[in-house]
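Below: one structure, written as structure tokens.
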Amino acid sequence: MDILLGLQWGDEGKGKVVDFLAPKYDLIARFQGGPNAGHTLHFENTKHVLHQIPSGIFREKLLNLIGNGVVLDPVIFNKEILALVNMGLDLQKRLVVSKKAQLILPTHRLLDAASEKAKGDKKIGSTLKGISPAYQDKIGRTGLRVGDILQTDFADKYAKIKEKHLAWLSFYQFPLQGTLSNGMNYDLEAMETDFFAAIESLKKLTLADSEYLVNSYLQQGKKVLAEGAQGSLLDIDFGSYPFVTSSNTTVAGACTGLGVAPKKVGEVFGILKAYSTRVGGGPFPTELADETGEKLRKIGNEFGATTGRARRCGWLDLPALKYAIMLNGVTQLFMMKADVLNSFEEIKICTHYKLPDGTLTEQMPFEITDVVIEPVYKTFKGWNCDLQNLKSFADLPPALAAYIAFVEESLDVPVTLFSYSPNRADTLMK
Ligand code: GDP
Ligand code: IMO
Ligand code: MG
């Protein structure tokens with residue numbers, strides 16, 4: 001099993017690359033996260049954004065799996081499915097959902113909003129999709145799983161957990177209908193009606209003990225690609241806690257999120273933008289809160305695929321990438337979006353952090369959320385030209401080749417895939 005995951009704070013371009021690589025695989029599997037993800041694909045002049053459905057779904061002759069490590073919102077899922085069915089895709093044949101995936105309930109979404117509101121200016125910047133409350137119930141051993149919807153006592157189980165959630169919402173003094181901070185109007189009763197309708201649709205799909213499915217694929221020598229969501233620096237253990245998501249976005253999450261033993265892991269593809277972005281709160285040492293950051297955001301179209309929020313932008317951060325590579329055992333780097341830098345006279349890369357006491361480090365300090373870290377930069381000359389119709393790495397302008405070579409040398413991992421537009425076709429592979 002190969003694993004593709006983001007090395008930064010998410011939105012590295014995972015969707016594009018999974019769709020590009022999918023024909024080489026028999027199974028594409030999501031292993032964590034949920035509708036907080038937004039994975040964008042561009043082909044045949046059309047843009048598609050997937051939230052819970054794996055990014056291999058548009059390719060024929062392969063299976064897509066939503067693994068046990070995922071938290072699934074049936075309502076959002078049903079909308080995604082209807083859009084794909086309207087395009088003529090046969091999802092009965094292409095998609096399987098793990099019976100052990102956890103369900104996101106309407107009250108999880110309200111609890112997410114209530115918890116964020118209570119944090120005031122210390123809010124995480126959650127996507128408000130109910131991710132954290134759903135994972136809390138999973139770890140608290142009170143969650144509902146996809147397989148539960150086939151049991152006769154599902155409604156009872158739902159009522160029980162809802163009762164607990166209502167008590168918490170009352171503690172937060174959070175109304176059961178109103179408007180969320182993102183402008184979304186909500187009404188718990190209407191949300192529940194949609195939820196139970198979506199559950200009926202979910203029952204019509206293939207629900208499986210997916211750990212057996214994945215392992216039987218591997219046993220037969222079939223190829224599996226695990227598709228990460230979010231990024232390594234949002235990992236619940238290793239990200240800038242508490243400004244993280246609620247799952248292990250790193251490589252171990254693929255093993256627990258699919259039921260695959262570590263010894264079955266082959267290549268680990270670490271995907272990075274040629275610069276950095278982050279959406280939501282939390283430390284971002286190389287952030288550019290100036291016109292250069294604004295230029296990156298504008299040219300890179302850095303607005304969230306799930307929430308539409310402006311993404312914070314900054315230079316590439318080697319200490320952060322080294323950390324992510326160490327945690328994941330990355331074997332190949334995929335570099336995305338260098339085309340966004342085409343018109344920059346100068347481009348910087350952060351090589352070290354300077355701590356408040358003046359010491360230089362290449363490590364992510366524990367105190368990262370509490371202290372101001374000064375990035376130490378190396379400056380590169382821009383390549384100042386468009387990137388079009390490239391046939392191979394040999395066609396890259398010398399200044400860009402030098403930029404990539406420096407990244408490879410510093411990180412000690414080769415860049416084997418290079419993407420230079422949102423389109424499927426504009427991708428080079430070594
Ligand atoms: P994901 O969450 O990792 O799948 O990434 P997103 O889809 O949230 O964000 C990546 C954005 O960059 C999307 O709008 C993609 O269409 C776009 N994109 C991907 N690769 C490239 C690239 O090489 N160049 C440019 N300019 N855009 C890209
Ligand atoms: P993809 O898969 C970028 C961020 C949120 C917030 C924090 C916690 O598209 O790369 P959550 O809703 O998970 O409780 O939010 O994590 N976040 C993402 N940022 N890309 C994502 O997914 C993200 N999923 C969550 O903005 O800061
Ligand atoms: Mg995204």
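If both residues of a DSSP beta bridge must be in the stretch 1-124, then about 35% of such bridges are antiparallel. Compared with the dominant Cα axis of the chain, that is its longest principal axis, helix 74-86 is turned about 70°.
Accessible surface calculations at 1.4 Å, restricted to protein heavy atoms, place the stretch 34-101 at 39 Å² per residue. Note on VAL85/VAL371: beta-carbon distance plugged into 1/(1 + (r/R0)^6) with R0 of 51 Å gives a FRET efficiency of 0.50. Working ranking of peptides 171-183, 243-255, 350-362 by packing, defined as the average number of other Cβ atoms within 10 Å per residue, highest first, is 243-255, 350-362, 171-183. Just to verify a number: FRET efficiency for GLN151 and GLU44, C-beta to C-beta distance, R0 = 45 Å, to 0.05? That pair, GLN151 with GLU44, gives E of 0.60. When peptides 67-77, 393-403 are sorted by average Cβ neighbour count within 10 Å, with the highest value leading, the order is 67-77, 393-403.
Among beta bridges identified by DSSP and lying wholly in the chain, the antiparallel ones come to about 45 percent. Over the stretch 27-77, what is the percentage of antiparallel beta bridges among all DSSP beta bridges, to the nearest 5? That works out to approximately 55 percent antiparallel. Across the stretch 272-374, counting alpha-carbon atoms alone, Rg and Dmax equal 14.2, 39 Å. Here the chain is described by how far its Cα atoms reach on the three principal axes: 64, 50, 40 Å, from widest to narrowest. Compared with the dominant principal axis of the Cα atoms in the chain, helix 188-203 is inclined by about 90°. Remark: relative contact order (the stretch 61-130) = 37 percent; criterion is Cα-Cα distance under 8 angstrom and separation of 6 or more residues. With the helix formula -39500 (n - 2.57) applied to DSSP H stretches of n ≥ 4, the chain reaches a computed 222 nm mean residue ellipticity of -9500 deg cm²/dmol. Accessible surface calculations at 1.4 Å, restricted to protein heavy atoms, place the stretch 351-430 at 57 Å² per residue. Full extension of the chain between ILE299 and SER343 gives 14.9 nm of extra length, using 0.36 nm per residue less the Cα-Cα distance. Note on the stretch 160-294: Cα-only Rg and Dmax are 20.5, 54 Å. The angle separating the long axis of helix 154-171 from the principal Cα axis of greatest extent in the chain is about 70 degrees.
Accessible area per residue for the stretch 232-318, computed on protein heavy atoms with a 1.4 Å probe, is 37 Å².
Packing, taken as the mean count of other beta carbons within 10 Å per residue, orders the peptides 96-102, 408-414 from highest to lowest as 96-102, 408-414.
The values are calculated or read from the model by the stated rules, or taken from the named source; none is laboratory data. Given the structure is predicted, the values throughout are model-derived calculations rather than measurements. Here Cβ is always computed from backbone atoms with ideal geometry, including for glycine, and neighbour counts include all displayed protein chains. Side chains included, ligands, DNA and RNA excluded: accessible areas come from the protein's heavy atoms. Shrake-Rupley method; radii C 1.70, N 1.55, O 1.52, S 1.80 Å.
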